[in-house]
Amino acid sequence: MTTTIFHAQVLDTPEDPFIGGELRAEECALAVCEGIITFRGPLAQARQMFPDAPVQHVPGLLLPGLVDTHVHFPQLRIIGGLGMPLLDWLEQCALPEEARMGEPAYAAAVAEEFLGGLIQAGTTTALVFGAHDAGATDTLFRAAQAHGYRMTAGLVVGDINLRPDLHTTPERARAEAAELIHRWHGHGKLRYAVTPRFALSSTPELLEACQDSLHEAPGVMMTSHVNENLAETEAVAELFPRSQGYSDVYSDFGLLSERAVLAHNVHAPVPELQRLAGTGAAVAHCPSSNSALGSALFPMRDHLQAGVPVALGSDVGGGTGLSLFKEGLQAYYHQQLRPDGLPLGPEHLLYLATTAGAQALDRPEVGHLSEGMAFDAIALEPEAHSPLAAILRHAPDASRALAAVFATGTSADISTVWMHGEPTPSRRPQPTSSGRTPSESTAFDDAVQ
Ligand code: GUN
Ligand code: ZN
């Protein structure tokens, strides 16, 4: 078993900043063996403990791998369909593309583009909406396995109010989910999530089938959409008149628990939020998508006051890209614009994009870079002549540097992505022991030691 020592300027958020946790910024060494961080501390001590281990000096900043709690695999190629509210966008943009997933070669190509895009964006863990087609969803799992990707995903199901070619039946939904669960759930880093598209495309019988799928194996998750758009919420209230609110529909069918993640929830009455908090389900906040589809500004204060866990989702292709830096910035904007908005600092944005996501997805092994955690990490090393590189060179402290990463950072600023200790091929050479040291690449080292 070989150990590698990574020496870097490490930024992470092991403690929740919404309840007093702070940004942890340290120049330190991480010893990694078999993908796990076995030591975190001073470089000299790491060298003493592991005298034979090679030392990699990571230039720039080392951050935990990012966690996307809501993203659609079949929508990668339709990012950028602007100018429509949700239901029009689904009909004109998203669902026609999803219908193409029945063609195996098409689905396989999109799966590669999708996983490549996630990894490039520094997203090392994701909860993914698969396709309505079981074969395409299987292809997604196979591609994720080949990349060693930490993914939870599921077959998307609906039996009304979609295009007829996307409709399933409760029996078929049950059978196809069972097969996918037995093939993929718990294999390596893969997990299954029961995925009714939304209540509006579900009969009660389909939601009952989803409940059965949830019990097919221990640890199966559930994900769906909720309270995204007013026309949608009104239609759901008509379709399920016996449920108290939109999220109650899922709860009434036994689908909500700590292992459920509902996306959006921008039109959530406070009493409904309080009931939702009682289920333990988390909400994936997808700010770019909420702006692009003109949905609404997210009531983050209400969620946190009610005790509903919140993390970030890109919601590609309603969202406008896979970068969670952009989602963090948009989350910040939205709270700036709401009269009751929560002031978010860079530590909140990093927490939402990492540790909060890991908790929502029940992946306690990732989210921050502490001893015992998996080494899923990203090196932020902007091109030397870019504005971000100049900002990082002159940043007075780690917090300002991190704020600039969220304000201006893109996938192009990430030089290396490690998944479970393995570096993924990147566009630029990986940092080596002869590379620049962390203290040569940022201005604020003294301030954060
Ligand atoms: N509601 C039902 N399906 C979708 C989808 O694909 N994207 C978004 N943003 N909302 C949905
Ligand atoms: Zn979505």
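Each reported figure results from applying straightforward, stated rules to the coordinates on display, with no laboratory input. This structure is a prediction, so every number in the text was calculated from the model and none was measured. Glycine also receives a Cβ, built like all others from the backbone with ideal geometry; neighbour counts cover every protein chain displayed.
One chain, two ends: A412 and I36. Fully extended at 0.36 nm per residue, the span grows by 132.7 nm beyond their Cα-Cα distance. In whole angstrom, note down how far apart the Cα centers of the stretch 150-207 and the stretch 59-94 are. Taking the Cα centre of each part, the stretch 150-207 and the stretch 59-94 sit 20 Å apart. Applying both filters, DSSP loop and at most 12 other Cβ atoms within 10 Å, to the GluC sites (Glu not before Pro) of the stretch 280-385 gives E371, E383. For the stretch 66-360, the relative contact order works out to 20 percent when only alpha carbon pairs closer than 8 Å and six or more residues apart are counted.
Rounded to the nearest 20, the size of the Cβ-charge dipole of the chain about its Cα centre is 660 debye, with Lys and Arg at +1 and Asp and Glu at -1. Each stretch of four or more DSSP H residues adds -39500 (n - 2.57); spread over every residue of the chain, this sum gives -10500 deg cm²/dmol at 222 nm. Measuring r between the beta carbons of R172 and D252 and using R0 = 22 Å, the FRET efficiency lands at 0.45.
Grab the other residues whose beta carbon is less than 13 angstrom from that of F39, score K and R as +1, D and E as -1, and report the net.
Values: positive: R40, R47; negative: E371.
Around F39, the charge tally is +1.
Based on Cα contacts under 8 Å between residues 6+ apart, the stretch 1-42 shows a relative contact order of 40 percent. Taking every DSSP bridge with both residues inside the chain, close to 45 percent are antiparallel.
Pairs of alpha-carbon atoms within less than 8 angstrom and 6+ residues apart define the contacts here; what relative contact order does the stretch 1-150 have, in percent? Let's see the in-between values first.
Working: 218 pairs, mean separation 32.4, N = 150.
With pairs under 8 Å counted, the relative contact order is 22 percent.
Electrostatic tally near E347: other residues with Cβ closer than 11 Å to its Cβ, Lys and Arg +1, Asp and Glu -1, net -3. In this structure, the amide hydrogen of V157, modeled 1.01 Å from its nitrogen in the peptide plane, lies closer than 5 angstrom to those of T195, R197, counting only residues at least 5 positions away or on a different chain. Once the convex hull of all Cα atoms in the stretch 122-231 is built, its volume per residue stands at 106 Å³.
Give the order of D252, D376, D165, D138 when sorted by the count of other beta carbons within 10 angstrom, beginning with the fewest. All intermediate terms of the calculation are to be shown ahead of the outcome.
Details: D252 15, D376 30, D165 12, D138 21.
Arranged by neighbour count, lowest to highest, D252, D376, D165, D138 become D165, D252, D138, D376.
Axis angle, to the nearest 10 degrees, between helix 134-147 and the longest C-alpha principal axis of the chain: 10 degrees.
Helix 270-279 and the longest principal axis of the Cα set of the chain meet at an angle near 70°.
Expressed in units of 2.2 N^0.38 Å, where N is the residue count, the Cα radius of gyration of the chain is 0.96. Where does helix 104-120 land angle-wise versus the long Cα axis of the chain, in degrees 0 to 90, nearest 10? Roughly 40 degrees, rounded to the nearest 10.
Each residue of the stretch 217-222 is assigned a 3J(HN,Hα), and the resulting list reads 7, x, x, 5, 9, 9 Hz, derived from the Karplus form 6.51 cos²θ - 1.76 cosθ + 1.60 (θ = phi - 60°), x at Gly and Pro. Distance between the 7 Å Cα→Cβ label points at R393 and L82: 3.3 nm.
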